[in-house]
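Here the structure is laid out as structure tokens; the discussion comes afterwards.
The values are calculated or read from the model by the stated rules, or taken from the named source; none is laboratory data. The shown structure was predicted, so the numbers you read here are calculated from the model rather than taken from an experiment. Methodologically, a virtual Cβ is constructed for each residue, glycine included, from the backbone with ideal geometry; neighbour enumeration extends over all protein chains shown. In case anyone asks, the SASA skips ligands and DNA or RNA and just uses the protein heavy atoms, side chains included. Shrake-Rupley method; radii C 1.70, N 1.55, O 1.52, S 1.80 Å.
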Amino acid sequence: MASVQVVLSYAEKQFPNFVEELQDFVRFPSIGTDDQYKKETAACANWLAKHLEYIGLQQVKIFSTPRHPIVYGEWLKQPGKPTLLIYGHYDVQPVEPVAEWSFPPFKPFVQGDYIYGRGASDDKGQLFANVKALEAFLKTYKQLPVNIKCLFDGEEEMGSPSLANFIQTHQNLLKANVAVLSDMAMLSAEQPSLTYALRGSLSVELEVKSQAVDLHSGNFGGAVHNPLQVVSEIIAKLHDQNGRITIPGFYDQVKTYTSAERNYMRHFGPTDKKILEDAQAYNGWGEKGFTAYERTTIRPALSVNGIVGGYQGTGVKSVIPAKAGAKLNFRIAPNQDPYVVEKLFRKYMQEIAPPSVAVNIRAHLHAKPYELNIRDPALQAGKLAFQKVFGKEPVLTRIGGTIPAVSLFKEKLNISTILLGFGLPTDRIHAPNERFYLPNFKKGIKTSIWFMTALSQKANLSGSVVPRQLQKTSSFT
Ligand SMILES: [Zn+2]
């Protein structure tokens, strides 16, 4: 392939048009979680599919799912070169609280260095950076440096409920050597970062029942075990005084890390102070012996997301509710398995739930943790790409969150995912007044161009052939 410079300068020249097109994309209120917007979400999928055709992708298809469509497109004319699966999502978060927006969320506009609108950063803008990189190649050289398959989800913000089944039933269609996902923030505009590890997730709902109907707390208070009280007693038994989760066997699988890696995390990762500042928290809390960064990345966590039950209206009501519940979420650390965690949790509940009540447990969303070998050649390609565009080696970061697609790709397609995030921590994703930093949109396109170029130089992505300039020893093993 001829010079990358030609491709880069196409992106540079066309950038004002790209920004216009991104505004068209953001204009769709594709709120996947809200059925009211089903039509608009479908219209957004249509628009995206047409756009993929316009830039020169082939076999562009819209696959319907029980909820929102999946958009697919491919370009496979580089036999012998690796195949890259580009994943992103065109659905967006709801806009509530509406009153806190200082502009209509779906009337995107540019002001200064930012494009404003719901989805501008998460994930339409970042998805579009990859799409525009493809366009730059296809419009200049009529070919791509690698084979490409695009998979764009319309249900990411609701946990990608249709994705597992779709991947399972389209394993051949989606067969690839590696995946890329641009849906996260870098450390700052000056310091790119590359996420190489995520925690898994398991959500459980606990329901406690003590009698058939709500009771008068005067007539029956003292005679029955109040389910809200039981829920509180159970929750109080989930952690010990050192911030550790008390479920027997819970930590058995958790990976332990070398001091080299922990030192790297201490050196390049956020400090406790920074994390607490970001949280706007008065004080820190958590497992003793670990930094806040470690506690949110290489250690598991158990959070109470909600407690349901009893009278919530104004004033008072003398009632013993018939049932109460709690919504809990585990963040699963590297090497842990969400199904094993569920089993241990159920066993522990059997042990500690009092015989006075009936306890019912429902588990949702078993996402495995993800950790990429830092020597992975595709990760090295990502590092090189960031370095080319930002003039700085990216910091390797872990995040405490979960991206279901990443664990699904590993599980069902046996491929790694490179997380090339172009967002900024100040993008206000999921919040009012979302925005995307335009210089990062442009640099994102260029990073994607370099990433594909670097990937094409690899003979074997799953193995050992790494171009010489990519063989750099890392700061830890
Ligand atoms: Zn997202």
Check your understanding: Any idea which residue in the stretch 122-144 is farthest from the ligand (Cβ to nearest atom), counting only those that are of a type in the set (Lys, Arg) and within 28 Å of Ala431 (Cβ to Cβ)?
Key -> Lys132
Point to revise | Contacts under 8 angstrom Cβ, first residue in the stretch 6-34 being under 12 Å from Lys446 (Cβ atoms), partner of a type in the set (Phe, Trp, Tyr) and not in a helix (DSSP H, G or I), 6 or more apart | key: Val7/Tyr141
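Given the criterion part of a strand (DSSP E or B) and in the same structural domain as Asp122 (by TED's automatic domain parsing), identify the matching residue among Leu384, Leu396. Spell out how you get there, then give the answer.
Working: Leu384 fails: part of a strand (DSSP E or B).
Checking each option against the conditions leaves just Leu396.
This table checks each residue for (1) of a type outside the set (A, V, I, L, M); (2) under 21 Å from Ser210 (Cβ atoms); (3) at pLDDT 95 or above.
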| site | (1), (2), (3) |
| --- | --- |
| Arg295 | yes, no, yes |
| Ala301 | no, no, yes |
| Val304 | no, yes, yes |
| Ala324 | no, yes, yes |
| Leu328 | no, yes, yes |
| Ile332 | no, no, yes |
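Please enumerate the residues belonging to the stretch 163-192 that are of a type in the set (Ser, Thr, Tyr) and modelled with pLDDT under 95.
In the first step, residues of the stretch 163-192 are kept if they are of a type in the set (Ser, Thr, Tyr); the result is 169, 182, 188.
Ser188, the sole residue that qualifies.
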Check your understanding: When you go through (1) more than 16 Å from the ligand (Cβ to nearest atom); (2) at pLDDT 95 or above; (3) of a type in the set (Gly, Ala, Ser) one by one for Gly154, which number turns out not to apply?
Key -> (1)
Review point. How do the pairs read when you match residues in the stretch 265-276 that are modelled with pLDDT of 90 or more with residues anywhere that are open to solvent by 80 Å² or more (accessible area, probe 1.4 Å), using Cβ under 8 Å and keeping only pairs 6 or more apart or on different chains?
Key: Pro270/Asp278; Leu276/Asn283
Check your understanding: Applying the selection to the stretch 160-171, what residues are open to solvent by 40 Å² or more (accessible area, probe 1.4 Å) and not in a loop (DSSP other than H, G, I, E, B)?
Key -> Asn165, Gln168, Thr169
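One line per residue, one yes/no per condition, for (1) surrounded by fewer than 19 Cβ atoms within 10 Å (Cβ to Cβ); (2) touching a helix residue (DSSP H, G or I) at 6+ places or on another chain (Cβ under 8 Å):
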| position | (1), (2) |
| --- | --- |
| Gly56 | yes, yes |
| Ser64 | yes, no |
| Tyr87 | no, yes |
| Leu151 | no, no |
Exercise for review: Consider Val389 carefully, then state whether it is within 25 Å of Asn177 (Cβ to Cβ), not acidic (Asp, Glu) and not assigned by TED's automatic domain parsing to the domain that holds Gly249.
Suggested key: yes
Check your understanding: Limited to the stretch 404-430, what total is found for residues that are in contact (Cβ under 8 Å) with a residue 12 or more places away in the chain and more than 14 Å from Met186 (Cα to Cα)?
Key -> 14
**Study point:** Selection within the stretch 285-294 - part of a helix (DSSP H, G or I) and touching a residue at least 24 places away in the same chain (Cβ under 8 Å)
**Key:** Tyr293, Glu294
Check your understanding: open to solvent by 20 Å² or more (accessible area, probe 1.4 Å), within 26 Å of Arg299 (Cα to Cα) and in the same structural domain as Ser210 (by TED's automatic domain parsing): does that describe Arg362?
Key -> yes
Review point. In the stretch 93-109, what residues are open to solvent by 30 Å² or more (accessible area, probe 1.4 Å), more than 16 Å from the ligand (Cβ to nearest atom) and part of a loop (DSSP other than H, G, I, E, B)?
Key: Glu96, Pro97, Ser102, Pro104, Phe106, Lys107
Practice item. Take Ala378 and decide whether it is open to solvent by less than 10 Å² (accessible area, probe 1.4 Å) and more than 19 Å from Glu157 (Cα to Cα). Key: yes
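Return the residues of the stretch 139-156 that are not in a loop (DSSP other than H, G, I, E, B) and not aliphatic (A, V, I, L, M); say none if nothing qualifies.
Lys139, Thr140, Asn147, Lys149, Cys150, Phe152, Asp153, Glu156
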Practice item. Show the residue pairs that are 6+ apart or on different chains and have beta-carbon atoms under 6 Å apart, the first residue being within the stretch 66-87 and under 17 Å from Phe137 (Cα atoms), the second being open to solvent by less than 10 Å² (accessible area, probe 1.4 Å) and among the small types (Gly, Ala, Ser). Key: Leu85/Ala179
Check your understanding: Only one of Gly159, Gly119, Gly112 is more than 14 Å from the ligand (Cβ to nearest atom) and at positive phi; which?
Key -> Gly112
Check your understanding: Only one of Arg262, Arg266 is open to solvent by less than 70 Å² (accessible area, probe 1.4 Å), under 30 Å from Gln387 (Cβ atoms) and of a type in the set (Lys, Arg); which?
Key -> Arg262
Review point. Is there a residue being touching a His at 6+ places or on another chain (Cβ under 6 Å) and touching a residue at least 40 places away in the same chain (Cβ under 8 Å) anywhere in the stretch 308-316?
Key: no
